[in-house]
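Below is one structure; the comments refer to it alone.
The values are calculated or read from the model by the stated rules, or taken from the named source; none is laboratory data. Note that this is a predicted model, so its numbers are computed, not measured. Here Cβ is always computed from backbone atoms with ideal geometry, including for glycine, and neighbour counts include all displayed protein chains.
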Amino acid sequence: MGLKTLEKITAALTSRPAELEQLRKQGKKIVGWLAYNIPEEIIYALGLIPIRVGQGGDGRLVEVGARHISTKNCVFVRQVLGQFAEKTDPYIKQLDLVAIDATCIQLYRLEELINFYFDYKTVVLGVPRNFATKEGHEYFRKEVEHFTKKLELFAGVSLEQSKLQEAINIYDGIREAIKTLYSYQSKDNAPLSWRDVSAVINAGYNLDRLRYLELLQELIKEVEEKTSEPQENQAIEARVFLSGSLIPPGDTKLIDIIEQLGGRIVGDDLWSGLNFFLNLEIKEPTPFGVADAYLDRIPHASLPYLDLPTDGRLANLKHQIQQFNADGVIYHTLRYCDAFTFKAGETKDVLKNVPFLEIHTEYSGSDFEAIRTRVEAFVEMIKNKKEIAELV
Amino acid sequence: MSLNKNFFAGVDVGSLAAKSVILQDGEIFATGLVPSGVNSVESGLNALNLALETAGLKKEDLTYIVGTGYGRVSAPYANKAVTEITCHAKGTNYLHPTVRTIIDMGGQDCKAIRIDKDGAVIDFAMNDKCAAGTGRFLEVMAGVFKVRLEDLGAIALAATDTVPMSSTCTVFAESETISLVARGEKPENILSGIHHSIANRIAGLFSRVGIESDVFFSGGVAKNIGMKNAIEEALKVTIVKPEIDPQLIGALGAAVLARSFSKKEGLWA
Ligand code: SF4
């Protein structure tokens, strides 16, 4: 929609691989990471360059990955493995170390494989299954401490509290900015869409974090200037909320379909989306402080079932649906992503009367038409309901 | 027949058949049903022309046309396209306002649809991952027994026993059936097993959507009496008797929608 800062972010992203090449020549080291529970702040504070890796939506790369892993693993994991096998991705080929957490056991497997087959140096961060207990917290504290030690050895420096505090400040700034952008994109007459914000988030995982924070603040200013007053008599919209398995960069199938059929995405609780930036408050600039804060966030679905009334993931989902004024939820699950697939039924039950559509898919185009029909009927269903509500 | 009255048409192009319904004054005026060919535009037009011929009308006499079914995406003759889910809901509600749950079994997919008193969709689930529970599957089975598709259900009704069928994948079920025949099982008992295994699969579709009576069975497969009985047993419901050929429900819903859209667009008062 012609936002100058979005163009700047795209330009920064285009020049980033070359920039990283230069930085590596100057002795800087790059740490690729995945997934929900890797504390980037620590990587950054040690003077290392964190880059989140992993893309989706490419059936060919899934096949390449599948030569090394069973097809009963989710397509995301298979594709990322394919990316490591091919080493053509401009970031993956420049990684000096890969940090992976064991939030989802499938990613843990990925770590073993890239280390074994493709000679990447790796570090694993253990994640407790029972994160609500005292023992869980103690375990995770030790894990983060251990993780920090390994990174210190790799970086050749020790973690300084002041540096960690600096990093925390930058990341806090990023988290706040992303939340602000999310609230803007969901407004009527917003000058940027959910898709734009999603692209901004994905870009951020590759850019220098300080530079990224500056760009985000610039973007917010520009958005504030360009948000116009909503007009009367807006056309009836189907405001869609996305939930479920991650939708990484490159995987645009479902998003394209929703938009083509006149749905408007207004929010999400994906770990590749907004959830990653929510409810993270580091009270003390130490590995323990970081560990506690990460564990107290909204839990990832791959961790065990909680009591329904106290499951923070579901409470957050309900809250976000309201906040973004969504009309219905499209719950996206990847094949063999048991974590989210098994929770679809319970999520639907908890949301009671909120229109709910589950889309079970993978990275191939063969189900394009089938998804299209479902999403189209879902959008019709929502619009129909709103039309009737307007009449009475 | 007065030509100054408005006529509305719905055209439903499915994978095995194309259907059309023309409405006038809220009454079904004419219908058309033809097998689908490879060209979905042509199939839709054939079905429409058949109804027009029966009605003694020309295409120009139609005020509004709504296309549905998988052929809706390429239906240049239609003013608007609507999914078959919404159309089955509307069509069913038009004829049977007390229905709240629809099972639609077509040529290539199977749907569970929940609707409210106005025929608005509340929830739905769809199975199109495989041919199980579809017209295509039954067509293959009819081929194995060398009987007409239409007779399949009636044959199953004569069963004295139900031979369990473990495969619902068309390819495996076909070979499983052949081996059951070789083992000397009676065709009617095997067919009963096939119908029950499909019905159980359909019951699974309803686990998330739920069932509320009255229940209606639409789509081409709804004409299969064996299937109807097996579903009634699996879902523990009684299916409402259809007033018209249940295969035409999608096209009827499309015609009903054509009427509302044209009114909304101010084409008539
Ligand atoms: S949570 Fe699901 S999508 Fe993510 S890595 Fe695990 S299985 Fe794959």
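For segment B:179-200, does any single residue satisfy the condition of being surrounded by 16 or more Cβ atoms within 10 Å (Cβ to Cβ) and touching an Asp or Glu at 6+ places or on another chain (Cβ under 6 Å)? Yes, segment B:179-200 has at least one match. Among residues that are modelled with pLDDT of 95 or more, surrounded by fewer than 19 Cβ atoms within 10 Å (Cβ to Cβ), away from chain A (no Cβ under 14 Å) and part of a helix (DSSP H, G or I), B:Leu45 is not included.
Exactly one residue out of A:Ile38, A:Ile43 is within 16 Å of the ligand (Cβ to nearest atom), over 30 Å from A:Phe368 (Cβ atoms) and aliphatic (A, V, I, L, M), and it is A:Ile38.
Of A:Val375, A:Val379, all but one fail to be more than 16 Å from the ligand (Cβ to nearest atom), closer than 21 Å to A:Gly57 by Cβ and within 11 Å of chain B (Cβ to nearest Cβ); the exception is A:Val375.
So that you can scan it fast, the table gives a plain yes or no per residue for (1) outside any helix (DSSP H, G or I); (2) closer than 30 Å to B:Gly10 by Cα; (3) assigned by TED's automatic domain parsing to the domain that holds B:Asp104:
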site: B:Ala154; (1), (2), (3): no, no, yes
site: B:Ala159; (1), (2), (3): yes, no, yes
site: B:Ser179; (1), (2), (3): no, no, yes
site: B:Glu188; (1), (2), (3): no, no, yes
site: B:Ser207; (1), (2), (3): no, no, yes
site: B:Glu212; (1), (2), (3): yes, yes, yes
site: B:Ala222; (1), (2), (3): no, yes, yes
site: B:Met227; (1), (2), (3): no, yes, yes
site: B:Glu232; (1), (2), (3): no, yes, yes
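Only helices (runs of 4 or more DSSP H) whose full extent lies in segment A:50-160 are considered here, and the ones with at least 2 residues that are surrounded by fewer than 18 Cβ atoms within 10 Å (Cβ to Cβ) and of a type in the set (D, E, K, R) are A:59-65, A:105-118, A:134-155. Note on segment A:295-335: residues that are within 14 Å of chain B (Cβ to nearest Cβ) and either closer than 23 Å to A:Val127 by Cβ or within 15 Å of the ligand (Cβ to nearest atom) (or both) total 3.
Of all residues in segment B:219-265, those satisfying the criterion of being among the polar types (S, T, N, Q) and under 28 Å from B:Ile194 (Cβ atoms) are B:Asn224, B:Asn229, B:Thr238, B:Gln247. Condition check: on the phi > 0 side of the Ramachandran plot and within 14 Å of chain B (Cβ to nearest Cβ). Does A:Lys386 satisfy that? The answer is no for A:Lys386.
If you go through segment A:1-25 and keep only what is among the β-branched types (Val, Ile, Thr) and closer than 18 Å to A:Lys226 by Cβ, you end up with A:Thr5, A:Ile9, A:Thr10. Residue pairs whose Cβ atoms lie under 8 Å apart, separated by 6 or more positions or on different chains, with the first residue in segment B:188-208 and within 14 Å of B:Met105 (Cβ to Cβ) and the second among the hydroxyl-bearing types (Ser, Thr, Tyr) and assigned to a helix (DSSP H, G or I), are B:Ile194/B:Thr177. When you check A:Val80 against the structure, is it at pLDDT 95 or above, over 26 Å from A:Val144 (Cβ atoms), within 14 Å of the ligand (Cβ to nearest atom) and not polar (S, T, N, Q), yes or no? Criteria not met by A:Val80.
At negative phi and within 16 Å of the ligand (Cβ to nearest atom): which single residue out of A:Ile30, A:Ile49, A:Ile105 fits that description? Only one candidate passes the filter, namely A:Ile105.
Taking (1) surrounded by fewer than 16 Cβ atoms within 10 Å (Cβ to Cβ); (2) under 30 Å from A:Cys74 (Cβ atoms) in turn, A:Glu225 satisfies each apart from (2).
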